[in-house]
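Derivation of every value follows stated rules applied to the coordinates shown; laboratory data play no part. Keep in mind that this is a model prediction, so the values were computed, not measured. Using ideal geometry, Cβ is built from the backbone for each residue, glycine included, and neighbour counts are taken over all protein chains shown.
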Amino acid sequence: MSAPGTQRPPHDTRFYLTCIGIGLVAGVLSGLFGVGGGTVIVPFLIMFLHFDQRLAAGTSLAAIVPTATVGVISYAVTGSVAWIPALLLALGAVFGAQIGTWLLPRLSLTVLRWAFVGFLVAVIVSLFLVIPSRDAELVLTWGSGAALVVVGLGTGILSGLIGVGGGIIVVPMLMVLFGTSDLVAKGTSLLMMIPAAVSGTFGNIRRGNVDLVAAAVVGVAACTTTALGAWIATLVDPFVGNVLFAVYLAFIAVQMGVRAWRGRRRPA
């Protein structure tokens, strides 16, 4: 059942071709950067298929589940997944998402968006200061384990507040704060987001905020190119990878800044 006021485009040839195109692009970016691809899927669904924001976000989250799964397998083949740290991050993210959704009606969304833009700018700068070694590993101690839960908690809160995926936060944090290699950071990030995406998808289905056909087509299409993106990531020099990721984060920061500008309170 659709949520009240939710409009869905007809499932015609244009619909399917558009979903396939969106999935192909999202899959490459997901594998290359260790993100879910929602920062591409959501605006493209709104732009090209005229989904409303909630339907686009719910559909994107559902499509991320198979996409991230293929990404994890691709990185796991080369040993670039830290399994226990990913579970610790996911644990924090699950609780953080509940806090974020609770805080959402109580905080200014415009202020949050501008704060997140500032956070992304700081991350972009740090990516040019810290170049990860491909041989670096995520050393798990009681202290680092607790820190991972805290990072996951913060990621979940931001996800619940402004709808961003975990990858754009977790990947740079693992590299900058934990000294993890870029490949391990990406593989671990993809694994972390699967439980949260599954949980969120069930909730969105109950609320009628998922176009299951679109999610399936986008997700399947993305699966065909996710491994390609992960393979490209292994070929790219770590510094070049940081530069590319910084460009991607800048794209997201501009998107968020535009939303914050449009949503600002105008004087009466």
Exercise. Using only Cα atoms, find the angle between the long axis of helix 142-162 and the longest principal axis of the chain, and express it within 0 to 90 degrees, rounded to the nearest 10.
Key: 20 degrees
Practice problem: Quick one: among Ala222, Ala62, Ala253, which has the greatest mean-square fluctuation in a GNM of the chain with alpha-carbon springs under 10 angstrom? | Solution: Ala253
Self-check item: Residue-averaged 222 nm ellipticity for the chain, from DSSP H runs of 4+ at -39500 (n - 2.57), nearest 500
Solution: -26500 deg cm²/dmol
Quiz item: Counting other C-beta atoms within 10 Å, which of Phe239, Phe33 has the fewest, and how do the rest follow?
Solution: Phe239, Phe33
Exercise. Using per-residue counts of other Cβ atoms within 10 Å, averaged over each peptide, order 174-182, 190-198 from highest down.
Key: 190-198, 174-182
Quiz prompt | For the stretch 13-262: relative contact order, % (alpha-carbon pairs under 8 angstrom, 6 or more apart) | solution = 41 percent
Exercise. Can you tell me which of 34-44, 51-61 comes out highest on packing, and rank the rest after it, using the mean Cβ neighbours within 10 Å?
Key: 34-44, 51-61
Quiz prompt | Principal-axis tilt of helix 38-49 within the chain, Cα atoms, nearest 10 degrees | solution = 20 degrees
Self-check item: Highest-fluctuation residue, Ala136, Ala122, Ala63 considered, GNM on the chain with Cα pairs under 10 Å
Solution: Ala122
Quiz item: In degrees between 0 and 90, to the nearest 10, how far off the longest principal axis of the chain does helix 13-33 point, with axes built from Cα atoms?
Solution: 20 degrees
Self-check item: Cβ-based exposure ranking for Tyr248, Tyr75, in which fewest neighbours within 10 Å come first
Solution: Tyr248, Tyr75
Quiz item: Counting Lys and Arg as +1 and Asp and Glu as -1, what is the net charge of the other residues whose Cβ lies under 13 Å from the Cβ of Gly200?
Solution: +3
Self-check item: Span from the the stretch 222-254 Cα centroid across to the the stretch 10-35 one, whole angstrom
Solution: 16 Å
Self-check item: Phi to ³J(HN,Hα) by Karplus 6.51 cos²θ - 1.76 cosθ + 1.60 over the stretch 222-230, Hz, x for Gly, Pro
Solution: 5, 4, 6, 10, 4, 4, 4, x, 5
Self-check item: Protection proxy ranking of 112-119, 147-154 - average other beta-carbon atoms within 10 Å, highest first
Solution: 147-154, 112-119
